[in-house]
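Reading through the structure tokens given below for one structure.
The values are calculated or read from the model by the stated rules, or taken from the named source; none is laboratory data. Note that this is a predicted model, so its numbers are computed, not measured. Every residue, glycine among them, receives a Cβ derived from its backbone with ideal geometry; neighbour counts consider all protein chains shown.
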Amino acid sequence: MKKLAALEALQRHRTDQVVVTSMSVVRPWGRLSTHPLDFASADSAMGHTADFALGIALAQPERRVICLNGDGSMLMTLGTLVTVASARAENFVLIVVNNGTYEITGNQQIPARERLDFVGLARASGFPRALAFEDAEAFDSALADILSEPGPTLVELRVDAEDEGPISRTSGEPAPYLQISLEASARLLREALAG
Amino acid sequence: MSQTDDIFEGLLRLGVTHGVGLPDSVTAPLIARIDEHPAMTWTPVTREGEAFSIASGLWVGGKTPVVIVQNTGVLESGDSLRGVALRMGVPLLCIVTYRGRAKMLAAGWTPTPTTHSDTRPGQTLDRDWLLRPDVDSTALLTEPTLQAWKVPYRIYESPQDLDATWDLAQNQVRPAILLLPKAAPGAVSANGSDQ
């Protein structure tokens, strides 16, 4: 599955959910969406997007929070799967975009890429719902339920490795949410959520 | 009132809504109070780095979190503390057990103070100190690390230090740490070291 096809499906179904992006998804999502509740976890800490997004979900239990995490990022903090399940954040959707590589640093392979099963890891960690998709149409068909049924839900999207390069936060980035600092982005999202 | 009572009442007065972290024998009574109080929520983590990211998400979501971990957990949390909480400019109160401080002081090591009026000179933290079996290197490295990371801190001596640490975080718009040096009777840490 092409990453963009999956993101386009998500964009069609997205309404008022917070969307937190990471790594190779940051730029493609920024090309599709300029929603005030978009947040790029870029120029941040490695492997700490899912836990940051969980914090937003715990703060805003009435609002769905979608985290688009990388496979390598997820591997850096696998314990977060247990933390999410323990917190019983029903409004949290954790999407792991699995291309088998550290794409933005040059597509180096992640460990155990042939055997890795994020759905199995999520279920063993206590997630009540965990789903995998290799086809954008199937993902599209399931999204209405994914975004409405109680979670926490883990979705593994098995996508092709592409060639998204390193991300910066500069005026030269095409996505508006990358044209401001991480601090400014955090404050904008805080204001949007308070509004 | 006990130290736990003083700090818990202080957290209530400051409007703290969420606690995030990982307990040890010193902070377990405080965490139990947070977990039992209807106005607060406790979220346990599997590794301390998650706590700083989750707390940052809670703050972005409009809540007032406190992080509660041990000093060895702060050392583990470097990238999360740097890349999320500091980089987003989150005015985050953190309560950290100062494991090993008593033995460190008894052995003759005095960290160079930065935030107290105490002006005793520091010493050279050389290899011999770091390898001494009778001194916990976590304690030796706690204050130098916080100074290097530009994280303001205070050592708890009275309930006023909680408010002073809160003010540090608010005024400097960054995480600030209250170090808890006092041991509960017979207290031991998760790895069996005395406090």
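Quick notes on this one:
- Test set (1) crowded, with 19+ Cβ neighbours inside 10 Å; (2) closer than 20 Å to A:Tyr102 by Cα; (3) modelled with pLDDT of 95 or more - A:Arg158 fails condition number: (1)
- A:Ile167 crowded, with 17+ Cβ neighbours inside 10 Å, in contact (Cβ under 8 Å) with a residue 24 or more places away in the chain, farther than 23 Å from B:Ser56 by Cβ and within 18 Å of the chain's Cα centre (by Cα): no
- Close pairs (6 angstrom Cβ cut-off, 6 or more residues apart or separate chains): surrounded by 15 or more Cβ atoms within 10 Å (Cβ to Cβ) in region A:181-195, among the β-branched types (Val, Ile, Thr) and in a helix (DSSP H, G or I) anywhere: A:Ala186/B:Val60; A:Leu189/B:Val60; A:Arg190/B:Val60
- Members of region A:139-153 that are surrounded by 14 or more Cβ atoms within 10 Å (Cβ to Cβ) and of a type outside the set (S, T, N, Q): A:Phe139, A:Asp140, A:Ala142, A:Leu143, A:Ile146, A:Leu147, A:Gly151, A:Pro152
- Selected residue (criterion: surrounded by the most Cβ atoms within 10 Å (Cβ to Cβ)) from residues of region A:37-66 that are more than 10 Å from chain B (Cβ to nearest Cβ) and under 10 Å from the mean Cα position of the chain (by Cα): A:Ala40
- Unmet requirement for B:Thr46, which otherwise passes all of (1) part of a helix (DSSP H, G or I); (2) within 14 Å of chain A (Cβ to nearest Cβ): (1)
- Residues in region B:87-110 that are crowded, with 22+ Cβ neighbours inside 10 Å and either free of Cβ contacts under 8 Å to residues at least 40 places away in the same chain or within 14 Å of chain A (Cβ to nearest Cβ) (or both): 4 in all.
- Pairing each residue of region A:30-54 that is at positive phi with any residue that is among the charged types (D, E, K, R), provided the two are 6+ apart or on different chains, yields C-beta distances under 6 Å for A:Asp43/A:Arg169.
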